[in-house]
1. Is it true that residue 58 is surrounded by 13 or more Cβ atoms within 10 Å (Cβ to Cβ) and either on the phi < 0 side of the Ramachandran plot or part of a strand (DSSP E or B) (or both)?
2. Which pairs do you get when a residue that is part of a loop (DSSP other than H, G, I, E, B), found in region 62-78, comes within reach of a residue that is loosely packed, with under 13 Cβ neighbours inside 10 Å, reach meaning Cβ atoms under 8 angstrom, with the pair 6+ apart or on two chains?
3. In this structure, is residue 19 in a helix (DSSP H, G or I) and surrounded by 13 or more Cβ atoms within 10 Å (Cβ to Cβ)?
4. Does residue 93 count as assigned to a helix (DSSP H, G or I), modelled with pLDDT of 95 or more and either out of contact with any helix residue (DSSP H, G or I) (no Cβ under 8 Å at 6 or more places or on another chain) or surrounded by 14 or more Cβ atoms within 10 Å (Cβ to Cβ) (or both)?
5. So how many residues does region 1-36 have that are touching a strand residue (DSSP E or B) at 6+ places or on another chain (Cβ under 6 Å) and farther than 21 Å from residue 72 by Cβ?
6. Condition first: closer than 13 Å to residue 100 by Cβ, in contact (Cβ under 8 Å) with a residue 60 or more places away in the chain, part of a loop (DSSP other than H, G, I, E, B) and touching a helix residue (DSSP H, G or I) at 6+ places or on another chain (Cβ under 7 Å). Can you find one or more residues in region 37-55 that meet it?
7. Do we have any residue at all in region 19-34 that's under 12 Å from the mean Cα position of the chain (by Cα) and within 17 Å of residue 86 (Cβ to Cβ)?
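The values are calculated or read from the model by the stated rules, or taken from the named source; none is laboratory data. Quantities reported herein were computed from a predicted structural model and do not represent experimental measurements. Cβ: placed from backbone, ideal geometry, glycine included. Neighbour counts: every protein chain shown.
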C-alpha cells in the first residue's frame, strides 16, 4: 500500500531543485481532489477555498493552517475574509510546485472544520 501524502514530511527545498513537471503534477492532483490547479503570473499553484459561518471560525482555521505550516517549515499564502479562507501552495524558491506543496495540501485536508 502506498503511504498517503499527509503522512510525509516536507523536505528542505533549494533554488536548484527542479519544479514538478506537468505530468508529475497531474499524477499528484488526484491525491488532493478538493484543490484546484491555478496559475498566477505563469507559476502553477494549488488553491482551495474553505467556507465558514463567520470571521472568527475563518480566523481559527487559518491559525491551525499556520501551526501546521510552522511545524513543516513550509508556508502558504492565506487570504482570510468573513466566512472564507483561501489557501495557496507553491514553492517560491523554485517558482513552481514541489511535492511539499501536495504534502501540505493533504495535511490541511485532514483538518476538521
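1. yes
2. 73/12
3. no
4. No.
5. 1
6. Taking every residue of region 37-55 in turn, none turns out to be closer than 13 Å to residue 100 by Cβ, in contact (Cβ under 8 Å) with a residue 60 or more places away in the chain, part of a loop (DSSP other than H, G, I, E, B) and touching a helix residue (DSSP H, G or I) at 6+ places or on another chain (Cβ under 7 Å).
7. Within region 19-34, one or more residues are under 12 Å from the mean Cα position of the chain (by Cα) and within 17 Å of residue 86 (Cβ to Cβ).
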